[in-house]
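First the structure, in the form of structure tokens, and then the observations on it.
The values are calculated or read from the model by the stated rules, or taken from the named source; none is laboratory data. Because the structure is predicted, anything quoted here is derived from the model rather than measured. Cβ coordinates were reconstructed from backbone atoms using ideal geometry, including for glycine residues, and neighbour counts include every protein chain displayed. Each accessible area value is taken on the protein alone, full model and side chains, heavy atoms only, with ligands, DNA and RNA left out. Shrake-Rupley method; radii C 1.70, N 1.55, O 1.52, S 1.80 Å.
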Amino acid sequence: MSPANVFTIDPWGVAEHGLDLPGLARAESVFALSNGHIGLRANLDEGEPHGLPGTYLNGVFELRPLPYAEGGYGFPESGQSVINVTNGKIIRLLVDDEPFDLRYGELRSHQRSLDFREGVLRREAEWTSPAGRTIRVASNRLVSLTQRAVAAIEYRVTAVDGPVRIVLQSELVANEQLPDSTGDPRAAAALEAPLLAEAAHASGMKAVLVHRTRFSSLRVAAGMDHLVEGPERFDTTAESTEDQGRISVTTVLKPGEELRLVKFIAYGWSATRSLPAVRDQVEAALTAARFTGWEGLLAEQQEFLKQFWDTSDVQLDGDVELQQAVRFALFHILQAGARSEERAIPAKGLTGPGYDGHSFWDTETFVLPVLTYCLPAAVKQVLTWRHSTLPMARDRAAQLGLAGAVFPWRTIHGEECSGYWPAGTAAFHIGADIAVAVARYVRATGDAEFERTYGLEVLVETARMWRSLGHHDSVGRFRIEGVTGPDEYSAIADNNVFTNLMAQTNLREAAEAVARHQHEAAAMGVDTEETAAWRDAAAAMYIPYDENLGVHPQADDFTQHQFWDFDNTPPEKYPLLLHYPYFDLYRKQVVKQADLVLAMQVRGDAFTPEQKERNFAYYERLTVRDSSLSACTQAVIAAEVGQLDLAYDYTAEAALMDLHDLGGNTRDGLHMASLAGACIALVAGFGGLRDHGEELFFSPRLPPGLRRLAFAMVVRDRLLHVEITHHRTTYTLRRGEAMTLLHDGEKLKLGRGRPVSRPTVVPEAPTERCVQPPGREPARRQAQAGLPIGVVEHLPAE
């Protein structure tokens, strides 16, 4: 079964009919449930077979060594990896002593489904044991979006064709065995048995296990409690060992009789609190969950999601598969950040161990722009976490001989964990990415108290870093040299355009924030001389331009490099980083992911329309999209320069990255930035949204494949709804005070409940479609040779 046709197309959910054993790991990621604190991969209830077991707690990690062939000053000494914590999902079933294992007997039917309006993973199966007894199993699983520490499972077994003896074993299992690593450097490091037992207890219908991580010394507690309904007579037992808690239920079912088990699961962890404190936290969460009950948890989940979709939905007419994909994206972005509460949002969310569970610049550059306008409270929590890591960032800056703060390229706890400094330490733009996310959040919410308490310090310390990293040259230009931009096929370059423009924004935003909070800034040692230096550096920021080619080089002299030999690079050699040395990649004109093109998206004010068009065409023929972070950005700028069909193709690639497993690594977890990027492609690409200034700017345009695009945004407690067709764009303020915005440069004033419409501008059609490297063209989204939309092959990406 190919990845493209495993899941049914439904605008409000995703479903799997049958069981694809080779694709189990992929489905475990797609159906994963999370609330930003707890993450449960969609492993089968019975635990086996599985693709990749996974239960994660945001911020729980283990330390591991970072080996170097040759050490160097400033190299990080220790890495951090997310670990598979105690698994509370397991409910084993025995049917007349035969284990319910889908690899044996006869699986008559099997279906899993996830409705984005419910937030519940539903499963139904009918199975005949090797001994000939048939049963039906139905399970419903959720991770609560309202009760942060809680997950729950409703599990039902029905006898079909005769009396049958049933045993259910509901378990907590720590240190479960994991499959071997794939050997792909993008996959997570394997950590074996990271949990040391501290306490285990089981009695009645409840069990609790407490462990401590071996090296990072984090205390983790997991607990479970149960309700049982069924025949009048059933027996229960409770038992526990260091790494296992088990509650067993035994009964005999007559044909048509049902045994129902509700399992409440709770998790807690701490780096500082005592064993009794963490254990009691879990006990309390179980008590609250049991009081709420399964139906209560379900009702809370549906109400939470109703409020989310009422203010955050993106609606499409003309492409049902893309509609499904964008809601899939929004749902998983919501899950990644809903209850993170002063923790990071990892690159894979809590859906898998890919990238070791690290958070990168992806969060601030792709995920937070989406959450800013649909779940701003989650953005505040992530940025508050970044602020909490400032002491480590200051230490890192001092180690590197810089002022201010240097945030880590990849981390879980806050320390730098990248063992490859050209793509890690040298990617200083992470500081500006965070600073710009702070400024965007404050601008979109008006949260002056957050800016005063948290944001100001982040802006000040990152501005100090830029001022010390760069310098004014002999003619007064401010240069930033020896850095790595977003494109990981270039490194240690001078004056990367994206980096310089983001640093310019950072410096300006810091100076403006200081002016708003002078007392607090003075307490940080900021004076008028320092802010003047920031403003001078921003004003003199050097942005290289190739006059001969009429394009911006990605960095100094990039356009003078030798071109990569695309014609003689076979398809099986992509992604290039797995088949060619970085030495060769760094000195050639080849682009892993949008870099200069991303600069045009985030700082469009720094380029003329003509420059954008020429730049885009130039970099299209160099960009191989070996990263899942590229297609969405290319979609945005393709739409802006009038390449609407190409923008549509890129939007679909970003949106279908995981549903179609385009990179072949969805098994390791979902690509949060690509999912968020699909939303950005629609809203910033076809909606034309730009939020660089105080007023929102829209320049809508639709590709032929879409008849209508509508989306909602929360802006300073206002609810704005935008509806775009090929003929008209309508803006409606559904909640809040009057506001102004710009539509293709025209200022519009909106009052609540009074829609304002303007014509949708039809851009002049380009003379020809931009060209990509041979074999790296995006799949055409429009129907080809009589095939329905979407039935085409796609390129692999990271």
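Would you calculate the separation in nanometres between label points at Asp395 and Asp310, each defined as 7 Å from the Cα along the Cα-to-beta-carbon direction?
4.6
Length gain on complete extension for the stretch Asp717 to Ala69, per 0.36 nm per residue less the alpha carbon to alpha carbon distance?
227.9 nm
Determine, from the Cβ-Cβ distance of Arg587 and Asn548 and an R0 of 25 Å, the FRET efficiency 1/(1 + (r/R0)^6), rounded to the nearest 0.05.
Step by step, r from the Cβ atoms, then E = 0.80.
How high is the relative contact order of the chain? Use alpha-carbon pairs under 8 Å, at least six apart in sequence, and give a whole percent.
About 11 percent, as a whole number.
Under 8 Å for C-alpha pairs, at least 6 residues apart: give me the relative contact order for the stretch 28-187, rounded to a whole percent.
Relative contact order comes out at 22 percent.
Using alpha carbon centroids, what distance separates the stretch 260-339 and the stretch 137-183, in Å?
17
Just to be sure I understand the model, the point goes 7 Å from the Cα along the line to the Cβ. What's the resulting Val475 to Glu257 distance in nm?
9.0
If the reach is capped at under 20 angstrom between alpha carbons, list the lysines near Lys206, excluding any in the same chain fewer than eight residues apart.
Straight-distance partners of Lys206: Lys89, Lys263.
Taking R0 as 30 Å, what's the FRET efficiency between Ala522 and Ala377 from their Cβ-Cβ distance, rounded to 0.05?
Here the calculated transfer efficiency is 0.50.
Sort out for me the Cα centre separation of the stretch 715-766 from the stretch 470-529, rounded to whole Å.
34
Looking at the square roots a ≥ b ≥ c of the eigenvalues of the Cα gyration tensor of the stretch 670-710, which shape do they give, rounded for a/c under 1.5, prolate if a/b is larger than b/c, or oblate?
Verdict is oblate for the stretch 670-710.
List the lysines whose Cα sits under 19 Å from the Cα of Lys588, skipping any in the same chain fewer than 8 residues away.
Correct list for Lys588: Lys573.
Kindly rank 762-768, 377-383, 300-306 from highest to lowest mean number of other beta carbons found within 10 Å of each residue.
Put in order of decreasing packing, that is 377-383, 300-306, 762-768.
Quickly rank 252-259, 279-286, 588-595 as a protection proxy: mean count of other C-beta atoms within 10 Å, highest first.
Peptide ranking by packing, descending: 588-595, 279-286, 252-259.
With a cut-off of at most 13 other beta carbons within 10 Å, and DSSP calling the residue loop, which chymotrypsin sites (Phe, Trp or Tyr not before Pro) in the stretch 58-138 qualify? Please list them.
Answer by residue number: Tyr68, Tyr73, Tyr104.
Compare the peptides 424-437, 143-156 by average per-residue count of other Cβ atoms within 10 angstrom and give them in order, highest first.
Per-residue mean Cβ counts within 10 Å order the peptides as 424-437, 143-156.
Mind checking the full-extension length gain between Thr237 and Phe563? Use 0.36 nm per residue of separation minus the Cα-Cα distance, one decimal, nm.
So the chain would gain 110.4 nm between Thr237 and Phe563.
Filter the GluC sites (Glu not before Pro) in the stretch 494-593 to those in DSSP coil with at most 13 other Cβ atoms within 10 Å of their Cβ, and list the result.
Loop-located and lightly packed - Glu547.
Sequence gap at least 6, Cα distance under 8 Å: using those rules, report the relative contact order of the stretch 128-249 to the nearest whole percent.
So the answer I get is 22 percent.
Work out how much length Ala284 to Ala271 would gain on full extension: take 0.36 nm times their residue separation and subtract the Cα-Cα distance, in nm to one decimal.
2.8 nm
Which shape class applies to the stretch 231-366: rounded if a/c is under 1.5, otherwise prolate when a/b exceeds b/c and oblate if not, where a ≥ b ≥ c are the square roots of the Cα gyration tensor eigenvalues?
Note, shape of the stretch 231-366 comes out oblate.
Return the FRET efficiency for the residue pair His727, Thr608: r is the Cβ-Cβ distance, R0 is 30 Å, and the value is rounded to the nearest 0.05.
About 0.55, to the nearest 0.05.
Could you let me know the centre-to-centre spacing of the stretch 632-705 and the stretch 350-413, using Cα atoms, in angstrom?
23
List the trypsin sites (Lys or Arg not before Pro) in the stretch 37-129 that DSSP assigns to loop (not H, G, I, E or B) and whose Cβ has at most 14 other Cβ atoms within 10 Å. Which are they?
Here the sparse-neighbourhood loop sites are Arg103.
Run the accessible area of the chain with a 1.4 Å probe and give the carbon-and-sulfur part as a rounded percent.
Percent of accessible area from carbon and sulfur atoms in the chain: 50.
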